[in-house]
Amino acid sequence: MHTFSRRAAALVAASLLATACGGDADAGDPTAQGAVDEGATGTSDEPAAEAADEPATEDDGEAGGGPSGSLDGAGATFPTPVFEEWIFDYAEVNPGASINYQSIGSGGGIEQFLSQTVDFGSSERVLSEDDLQLAADERGCDPIEIPVVFGAVTIAYDEPELEELVLSGEVIADIFERRITMWNDPAIAELNPDAELPEKELIPVHRSDGSGTTSVFTKYLDADTDTWTLGEGTEVQWPSGTVGGEGNEGVSAGITQNDGGIGYINQAYALELGLQTASVINEDGNAVQPTLEATSAALATIDIPDDFRFDILGVGGDGYPIAGTNWIFAWECGYDVQTADLLKDFWTWAVENGDDLALELGYAPLDESVKPDVRAAIERINSQN
C-alpha cells in the first residue's frame, strides 16, 4: 500500500491557500513569501506522523519485528515521498516502532539536528565546517553524514500546449533573476525553434524556506553559468516579481496556481502531480530530460569520497545536470540504547530494502558498491558512548 499520491494532493491543495504571488513585493520579506519559522512544524509534518500512526494489520505479529520505540526526524522536503513510504513499510515489518519525520526544509532540519531536538536530521547539503565544529562542541562527539538517496531537481511548468521545452543553465539563470520575463523571449525561442511559445509572462517560483533543493539548484547555476549572481546556498535573496512557496509542495502549488509559473522541484513531485519538466543542456551540450536513467547517469560521473561529502556537478554524457544527494545526520554518541538501536535498524532496513520504493517514486538509490560503506557509517551511530 503506497500513500504518497493522496498525501501529495492534500499537501498541494493546502499549499494553494498559502502560496503568495511575489509581484513587486520585497522577495526578502518572509510575510510576502509565505514563509514560516524553520523550527515550526506547521502542517508539513502531518503526513509523516500519519504514516507512523497507521494501525497495525492482523499480520503484524507475524512480521518479525525489531527494536521498539520512537524516533523524531526533521529536514528536507526533497526525500519526503520516499521517506514516508519507507516509514510506512518499516512499520509493517516492525510494528513496535513509531517514526515521525517533519518535512520542514533542509535549513530547519539542520537547525533542529544541531540543537538536538530531533534524533536525526536530513538535508541536500552536507554540514558546513562551522556546523561540524558547533556539533562537536555541543554534543561532545562528531555528527555522521550518511547519503541515503539521490534525485533530480527538475525545472517544472504547467503549459499543456507546450509539449517540450529545452533550457540551458544561462537561460534558467536569466529566468530566475528576471532578465528573461516572457515565455517567447528570443533566448528561449532559439533553444526551441519548433515550439509555439506562449506570449505571456514567466512567473518564477522558488523556495521561501531554507532548502536543500535550493542549495542543489543554486550550486548548479553558480558552477555552470557565468551569469548567475545570487550565489549558492539553502537561501538566497530572490528578486521581486518571483513567487515563494514553502517546501516542494508549496513550489508545486505556485507553479499550478500562477499562469506562466515555472519552478524547481524534486522529480518525485513533478511525476506525482503530472507537471511538465524541461530538458536541460548538460556539460557536453546534450539536452537531457530528468528521468531516472539520466539521474543515474549523472551519478556515474562522480567519485564518492570516504567522508561522503561531495557535490554532483559538471555532468555530461547522458546525465541530467541538476541532481542532488540527500544525507541524514546522526550522532556518534548521546543516544539511549533503545533509540540508537532503532535508528540503526531503520536506516539499515531502508538501505537494504528501500530501493524498489525509491525507484518507483523517481529516486536513484545507492549503488551496491557504496552500500557497505554506508552500512558501516550507520553502525557508527552511538559508537562513542
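The values are calculated or read from the model by the stated rules, or taken from the named source; none is laboratory data. This structure is a prediction, so every number in the text was calculated from the model and none was measured. Note: ideal-geometry Cβ built from the backbone for every residue, glycine included; neighbour counts use all protein chains shown.
Pick out the one residue from I180, I172, I144 that is outside the structural domain of T227 (by TED's automatic domain parsing) and either assigned to a loop (DSSP other than H, G, I, E, B) or of a type outside the set (S, T, Y) (or both). Criteria check complete, one pass: I144. Does any residue of the range 204-221 turn out to be in a loop (DSSP other than H, G, I, E, B), on the phi > 0 side of the Ramachandran plot and either in the same structural domain as E159 (by TED's automatic domain parsing) or of a type outside the set (F, W, Y) (or both)? Checking the range 204-221: not a single residue is in a loop (DSSP other than H, G, I, E, B), on the phi > 0 side of the Ramachandran plot and either in the same structural domain as E159 (by TED's automatic domain parsing) or of a type outside the set (F, W, Y) (or both). Only one of D318, D341, D259, D284 is modelled with pLDDT of 95 or more and in the same structural domain as S123 (by TED's automatic domain parsing). Can you tell me which? Answer to the check: D341.
Residues of the range 236-251 that are closer than 26 Å to E272 by Cα and of a type outside the set (S, T, Y): V243, G244, G245, E246, G247, N248, E249, G250, V251.
A search for C-beta distances below 9 Å between a residue of the range 142-155 that is at negative phi and in contact (Cβ under 8 Å) with a residue 24 or more places away in the chain and any residue that is of a type in the set (D, E) and crowded, with 21+ Cβ neighbours inside 10 Å, counting only pairs 6+ apart in sequence or on different chains, returns G151/E124; V153/E124. Selection of the range 209-244 for residues being among the polar types (S, T, N, Q), under 20 Å from N266 (Cβ atoms) and surrounded by fewer than 18 Cβ atoms within 10 Å (Cβ to Cβ) yields an empty set. Being part of a loop (DSSP other than H, G, I, E, B), at pLDDT 95 or above and in contact with a helix residue (DSSP H, G or I) (Cβ under 9 Å, 6 or more places away or on another chain) is a description that does not apply to A253. Among the numbered conditions (1) modelled with pLDDT of 95 or more; (2) assigned to a helix (DSSP H, G or I), tell me where Y269 comes up short. Going through the list (1) modelled with pLDDT of 95 or more; (2) assigned to a helix (DSSP H, G or I), Y269 breaks only (1).
State whether the residues of the range 172-194 include one that is surrounded by 14 or more Cβ atoms within 10 Å (Cβ to Cβ), touching a residue at least 24 places away in the same chain (Cβ under 8 Å) and over 27 Å from the mean Cα position of the chain (by Cα). Checked the range 172-194: at least one residue is surrounded by 14 or more Cβ atoms within 10 Å (Cβ to Cβ), touching a residue at least 24 places away in the same chain (Cβ under 8 Å) and over 27 Å from the mean Cα position of the chain (by Cα). Against the conditions (1) out of contact with any strand residue (DSSP E or B) (no Cβ under 9 Å at 6 or more places or on another chain); (2) modelled with pLDDT under 95; (3) under 30 Å from K200 (Cα atoms), A173 satisfies every one except (2).
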